[in-house]
1. Which of the lysines could a cross-linker bridge to Lys152, judged by Cα under 20 Å and excluding same-chain residues fewer than eight apart?
2. Of (1) 16.3, 46; (2) 19.1, 75; (3) 16.9, 55, which one was derived for Rg and Dmax of the Cα atoms in Å from the structure shown?
3. Only sites in a loop by DSSP and with at most 12 other Cβ atoms within 10 Å count here; which GluC sites (Glu not before Pro) in the stretch 142-204 make the cut?
4. Enumerate the helices in the chain for which the Kyte-Doolittle hydropathy averages 0.0 or more and the C-alpha atoms extend at least 30 Å along the helix's axis, using complete DSSP H runs.
5. What does the charge add up to near Gly168, with Lys and Arg as +1, Asp and Glu as -1, over the other residues with Cβ less than 15 Å from its Cβ?
6. Restricting to DSSP H runs of at least four residues, report the calculated mean residue ellipticity at 222 nm for the chain, -39500 (n - 2.57) per run over all residues, nearest 500 deg cm²/dmol.
7. If you take every residue apart from Pro108 with its C-beta less than 15 Å away from the C-beta of Pro108, what net charge results, scoring Lys and Arg +1 and Asp and Glu -1?
8. Which peptide among 124-132, 180-188 comes first, and what is the full order, when sorted by highest mean count of other Cβ atoms within 10 Å?
Amino acid sequence: MKRLLMYAGSLVLIWLVLMLTGLGRTQEDGLDLSGKRVAVIIADGFNYHETVPTIDYLQKRNAEVVVTGLRLGATQPYNSPQTIEVTALVVNLDSEAFHGLHIPGGAPGTELLRNDGDVLQFIKELNNAGKPLGAVCSGPTVLASAFVLKDKRVTAYPTYFEELPKFGATWVTANIVEDANIITISAPEYMNSYNAALGNALVR
């Protein structure tokens with residue numbers, strides 16, 4: 001009996017180790033993004049809480065996430081002391097090697113991105129290939145500057161309800177909007193729904 005209890009205790013310990021390390025964990029939605037590579041574009045002043053949840057979501061489902069930006073190294077969000085490392089420059093990316101894109105908000109960061117020609121060209125190429133483009137809060141302004149929102153229904157932080165239609169988009173007052181390959185949300189409170197939508201779009 002003692003030996004049986006010790007054996008059972010060992011099994012419980014192994015299970016706990018697997019759960020804590022993430023090994024053997026099955027995601028509730030059953031989504032497997034193996035073989036998918038997603039670019040996450042950030043610049044100084046990005047929103048940390050609109051970036052990390054999406055990276056975590058994608059990586060837990062076996063997607064490869066490439067954090068890219070305008071310069072290599074630690075990139076500072078406006079709302080957290082924690083930086084995120086940019087490991088690849090947008091200018092060096094091959095759009096054909098990617099399956100999707102995530103653009104977090106944070107107005108200082110998105111303002112830098114929407115004024116960078118390499119970022120806009122990368123977005124245009126992904127869009128031309130029909131690949132999922134996701135953007136949060138102020139992120140849709142970067143898509144707008146790449147002129148990929150024409151005739152698309154979108155949402156964003158309410159501040160931009162007059163600006164986005166100037167780029168041909170149709171403003172929708174909603175938490176999350178999907179139109180063809182474009183996925184937009186208005187605020188980080190809806191990240192769970194957004195991440196699920198992006199994940200599903202990657203496997204369609």
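Rule-based calculations on the coordinates, nothing more; no lab input. As the structure is a prediction and not an experimental result, all values here were calculated from the model. Here the Cβ positions follow ideal geometry from the backbone for every residue, glycine too, while neighbour counts run over all protein chains shown.
1. Lys124, Lys131, Lys166
2. Here Rg and Dmax of the Cα atoms in Å agrees with entry (2).
3. Details: sites: Glu162, Glu163, Glu178, Glu189; in loops: Glu162, Glu163.
In loop regions of the stretch 142-204 (DSSP not H, G, I, E or B), the sparsely surrounded GluC sites (Glu not before Pro) are Glu162.
4. Numbers: long enough: none.
Correct list, ordered by number: empty.
5. Details: positive: Lys124, Lys150, Lys152, Arg153, Lys166; negative: Asp151, Glu162, Glu163, Asp179.
Net of charged neighbours comes to +1.
6. On the way: 6 runs with 68 residues, N = 204.
Result for the chain: -10000 deg cm²/dmol, rounded to the nearest 500.
7. -2
8. Details: 124-132: 17.0, 180-188: 22.1.
In decreasing order of mean packing, 124-132, 180-188 become 180-188, 124-132.
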